[in-house]
Amino acid sequence: MAELLAEGHRAGVASKPRFEGTLRTDMATDRPLWQNRDYVLLWTGQAISIVGSNASLIAFPLLVLGLTDSPLATALVAAARSVPYLLFTLPAGALVDRWNLKATMVVCSVISALAMASVLLPIPAGALTVWHLATVSFLEGSCGVFFRLAETSALTRIVPNRHFPRAIAQQQLQYSLGAILGPPLGAIFFSTARLLPFIVDAGSYAISCLTTGAIRANLAANRNANRRSLGNEIKEGLLWLWHHRLIRFMAGLSAGQNSLKASTVLLIVLLAARHESSPALAGIALAACGVGGVVGALVAPWIQRRFSFGQAIVAICWAHCLIWMLFPIAVTPLHLIAIAAVSSFVGPAYDTVQMSYRLALIPRALQGRVNSAYRLAADGSKAIGAALTGFSLEWIGLDRTLWLTAGLFVLLAIATTSNRAVREAPRLDELQ
């Protein structure tokens with residue numbers, strides 16, 4: 001793999017980025033996405049699974065509160081789902097590069113389905129415990145880490161490079177639709193029968209297992225050479241990311257943006273509390289976020305085609321600044337709803353542009369490891385950002401926290417605008 005690291009180093013230190021030799025052009029099919037059988041199977045199974053997961057996501061706190069009446073216990077069960085992202089992301093990336101991707105996704109879906117199904121028997125018997133729910137939450141989060149990395153690597157084998165923007169935008173659409181449909185369905189199911197959200201989620205994982213298992217593309221392990229230690233393989237992915245100056249900067253930028261946006265829901269709820277109809281307004285504003293995300297996912301491929309990588313990323317960064325400057329001056333409920341919708345619109349555009357570009361640049365043999373390193377930086381920052389936002393709200397109040405956040409977005413936008421690797425990055429279609 002030394003040549004892969006050297007390639008990343010050359011791309012990171014050359015006066016102009018060099019990308020040749022990193023792209024996958026041996027795709028089995030170049031048909032449009034919705035005529036690509038394997039892609040449709042992968043997308044459909046995941047769309048159903050995401051709705052099911054969002055339905056159980058709201059059922060977990062409702063069930064824990066009903067059992068214990070303890071906010072702390074509820075928070076611990078919720079945290080158990082996130083802990084695996086900090087513990088397993090880096091080793092998962094190296095292991096996914098070793099394993100058959102289809103088998104990995106199928107096994108993760110089976111374990112998640114069984115974990116959800118394990119909740120069904122203790123509930124009628126009154127034997128369900130918080131520790132059982134925390135274990136289920138931890139298992140689901142752990143499987144999610146491996147599944148997402150395997151899914152990302154599989155996408156590079158199922159979808160041609162030129163279709164990456166649309167495929168990734170449609171992934172963003174999955175999450176936006178799941179966020180809109182899942183929680184209200186979960187609340188309705190839970191009010192009907194406490195078992196129902198978990199039955200639905202277990203069933204959604206079973207469907208994901210079937211659709212993923214039906215994929216025909218070759219998703220076998222990337223390498224058949226002698227394995228080195230897991231630590232060395234993780235290091236190899238980290239070094240590739242570090243030596244590639246564009247991907248390294250984008251990992252830092254994503255970490256900064258995610259840390260600043262980590263408490264968006266809390267901030268919207270607090271802003272809504274200024275108005276008399278705060279509970280209803282908060283719900284409408286959060287629903288507007290979901291709608292904005294759907295629209296953003298639909299528009300994102302057009303943005304990718306119309307603008308260069310640098311133009312799109314710089315414009316999105318400045319859009320974040322303007323949006324967050326509007327939050328402190330949202331004086332009416334309608335203003336807040338509109339700003340919330342626009343704030344969620346730009347997220348899918350950013351993710352589509354940066355992720356499609358990243359997948360096209362990372363060598364196939366390093367997909368799992370580099371993506372895991374990237375996600376550790378981008379997603380691990382959320383917990384830190386949420387904690388710092390909480391301290392800021394306590395010390396300086398809501399308005400000053402919002403202005404501080406907007407100011408930090410300005411600094412990120414300035415850094416992005418002045419970054420040469422971002423400005424000089426060619427269009428995605430020019431890489432092929």
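The values are calculated or read from the model by the stated rules, or taken from the named source; none is laboratory data. Computed from a predicted structure; not experimentally measured. Neighbour counts run over all protein chains shown; Cβ positions are idealised from the backbone, glycine included. Quick note on the areas: whole protein, heavy atoms, side chains included, nothing else; ligands and nucleic acids left out. Shrake-Rupley method; radii C 1.70, N 1.55, O 1.52, S 1.80 Å.
Observations on the structure shown:
- Once you reduce the range 336-360 and the range 409-424 to the center of their Cα atoms, the two points are 17 Å from each other.
- Only helices enter the 222 nm calculation for the chain: every DSSP H run of n ≥ 4 contributes -39,500 (n - 2.57), and dividing by all residues gives -27000 deg cm²/dmol, rounded to 500.
- ARG216 paired with ARG37, simple spin-label distance in nm, labels 7 Å along Cα-to-beta-carbon: 0.3 nm
- The modelled label-to-label distance between THR135 and THR332, using points 7 Å beyond Cα along the C-beta direction, is 5.5 nm.
- Within the chain, longest stretch free of exposed trypsin sites (Lys or Arg not before Pro) [DSSP loop, at most 11 other beta carbons within 10 Å]: 1-215
- Prolate/oblate/rounded call for the range 32-103, Cα gyration tensor, a/c under 1.5 rounded: oblate
- Cα pair distances in the range 334-432, grouped into 5 Å bins until the bin that holds the longest one, percent each: 2, 9, 11, 19, 22, 15, 10, 7, 3, 1, 0
- Sequence-distant contacts, meaning Cα pairs under 8 Å at least 6 residues apart, place the relative contact order of the chain at 28 percent.
- The chain, accessible area per residue, ligands and nucleic acids excluded (1.4 Å, Å²): 43 Å²
- Sites VAL265 and ASN232 - FRET efficiency at Förster radius 51 Å, r taken between beta-carbons, to 0.05: 0.80
- Length-normalised contact order for the range 61-171 - Cα pairs under 8 Å, 6+ apart - percent: 38 percent
- No Cys partner within the rule (Cβ under 4.7 Å), the chain: CYS209, CYS289, CYS317, CYS321
- Once exposed loop GluC sites (Glu not before Pro) are cut out (DSSP; at most 14 other Cβ, 10 Å), longest piece of the chain: 21-275
- What a 1.4 Å probe finds exposed on the chain is 68% carbon and sulfur by accessible area, rounded to a whole percent.
- Computed lengthening from ALA78 to ALA415, 0.36 nm per intervening residue step minus Cα-Cα distance: 117.9 nm
- For the residues PHE391, PHE164, PHE190, a GNM of the chain with alpha-carbon springs under 10 Å puts the largest fluctuation on PHE391.
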